[in-house]
Amino acid sequence: MVNRDISFTQGLPPLSLYIHVPWCVKKCPYCDFNSHAQKGELPEERYLDALSADLEQTLPLIWGRQIHTVFIGGGTPSLLSAQAVERMMAMLRNYLNLWPDTEVTLEANPGTAEATRFKHYAESGINRISLGIQSFDDTALGVLGRIHDSRQAIEAIEMAQKAVSRVNLDLMYALPGQTLASCRKDLETALSFGTDHLSLYHLTMEPNTVFAKYPPSGLPDDDASAALQDMLIELTAAQGFEQYEVSAYARPGARAKHNVNYWEFGDYIGIGPGAHGKLSFHDRIVRTAKVRNPDSWMEKALLRDGSHLAEERQLDSAELPFEFMLNALRLKDGVPVSYYEERTSLSLAGISRQLEAALQKGLLDADPMRIKASPLGWRFLNDLQGMFL
């Protein structure tokens, strides 16, 4: 039974927009995202018509609210033509309250044919590009099932840097057969381009992926993985990067505003197949999810009858402490204590027992103004987050 006693007295949190582009050239064996290998031409016109219909049906929930960030993810959004992205951005400006300097990120995968579009994307209003490099080692890229090689990765980075001022590079570590030396070489190559943001992900065997069913051989053990991570932290710090979240590293002023809003328990709407949303109202918090299958989502969104919505669920107040901590504690600096009451509308006294237990175990920082993991809590983050279940 849904608890209806949640009552908001503070202003609503910042609002972001996530747009899902579901198609890619080839599904990678480690990927558990809602992505689908597309044969032939993308159904761009139908997709954009459905995206517009999806957004129109979301608008009544967010009237008057400012959009702080936009993230176009996938799949591979850079498969979209320059004309499609231009139409998408025009649609957003038409429907939404977007400031001229709103952070607008587009995910892209290397490949010369896609990278040439970056300049046109920028002219449409994209001002941040996140490149899925994963590795500069061609052997590793082959094992990961990537369709690009290191040369194409380098070309894509250079083109992205000419198009926009903010570029993120995604890299993976703990790869099959990866040594400390080969991992260091990957990171040093990434750092050589001078971008201000890196996302460094540990390769994991996610359920329902090819790698989960057929794990690659030569994966580093826990000790080797920990040594790789220590090296990454040390090397990025030496280059002026701060690890501000579990997988995110940035130079001062270059943090990903969109992702930070997730971790600070901000709001977001999700449009596109399988896109998730979280919206706060003055008396409740609601999570939404759209129909996952791209063809079904397009068909249902265009009916404009709400059938494209796969889930709409009000969060019970008993779920909120864990939901909040699961996100907030991922930030190295944590969040202001005030965010807990402002963004859950629950009293901090309701979790005083868990907070005190975490402090006693040395997992939480003693700063009374912030909810923040201690160095020990950062090492055992899953245990710390689990205390709020």
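So for the pair ALA289, TYR214, with labels modelled 7 Å out along Cα→Cβ, what separation do we get in nm?
With each label placed 7 Å out from Cα toward Cβ, I get 2.8 nm.
Go ahead and estimate [θ] at 222 nm for the chain from helices alone: -39,500 (n - 2.57) per DSSP H run with n ≥ 4, summed, over the residue count, rounded to 500. Let's see the in-between values first.
Numbers: 16 runs with 146 residues, N = 389.
Counting only the DSSP helices, I get -10500 deg cm²/dmol.
Can you tell me the dipole magnitude for the range 207-266 around its Cα centre, using point charges on the Cβ only (Lys, Arg +1; Asp, Glu -1), in Debye to the nearest 20? Display every interim value, and only then the final one.
Numbers: 4 positive and 8 negative charges, 82 e Å.
Value, rounded to 20: 400 debye.
Using 0.36 nm per residue, how much length does the chain from LEU59 to ASP223 gain when fully extended, once their Cα-Cα distance is taken away? Provide the component values of the computation, followed by the final result.
Values: separation 164, 0.36 × 164 = 59.04 nm, distance 4.90 nm.
Result for the pair: 54.1 nm of gain on full extension.
Determine, from the Cβ-Cβ distance of HIS120 and LEU303 and an R0 of 30 Å, the FRET efficiency 1/(1 + (r/R0)^6), rounded to the nearest 0.05. Working shown, then result.
Values: r = 32 Å, r/R0 = 1.07.
Rounded to the nearest 0.05, the efficiency is 0.40.
Could you tell me the number of lysine pairs in the chain with C-alpha atoms less than 18 Å from each other, where the two lysines are 8 or more residues apart or belong to different chains?
Close lysine pairs under the 18 Å cut-off: 11.
Probe of 1.4 angstrom, ligands and nucleic acids ignored: what's the accessible area per residue over the chain, in square angstrom? Before the final figure, lay out each step's value.
On the way: 17610 Å² over 389 residues.
Accessible surface, normalised per residue, equals 45 Å².
Sort ASP223, ASP367 by heavy-atom solvent-accessible area, probe 1.4 angstrom, most to least. List each step's numbers first, then the result.
Numbers: ASP223 125, ASP367 60 Å².
These residues rank, largest area first, as ASP223, ASP367.
Sort out for me the Cα centre separation of the range 326-359 from the range 100-170, rounded to whole Å.
Result: 36 Å between the Cα centres.
Carbon and sulfur together cover what percent of the accessible area of the range 159-311 at a 1.4 Å probe radius? Don't jump to the answer; show the numbers that get you there.
Numbers: 3530 of 6920 Å².
The computed percentage sits at 51.
How far apart, in nm, are two points set 7 Å out from the Cα along the Cα-to-Cβ line at GLU155 and at SER192?
1.8 nm
Using Cβ-Cβ distances only, list the Cys residues of the chain with no partner cysteine under 4.7 Å, sorted by number.
So, CYS24, CYS183.
The values are calculated or read from the model by the stated rules, or taken from the named source; none is laboratory data. Values in this document were obtained by computation on a predicted structure and should not be read as measured data. All Cβ positions, even for glycine, are placed from backbone atoms using ideal geometry, and neighbour counts span all protein chains on display. With ligands, DNA and RNA removed, areas are computed over all heavy atoms of the protein, side chains included. Shrake-Rupley method; radii C 1.70, N 1.55, O 1.52, S 1.80 Å.
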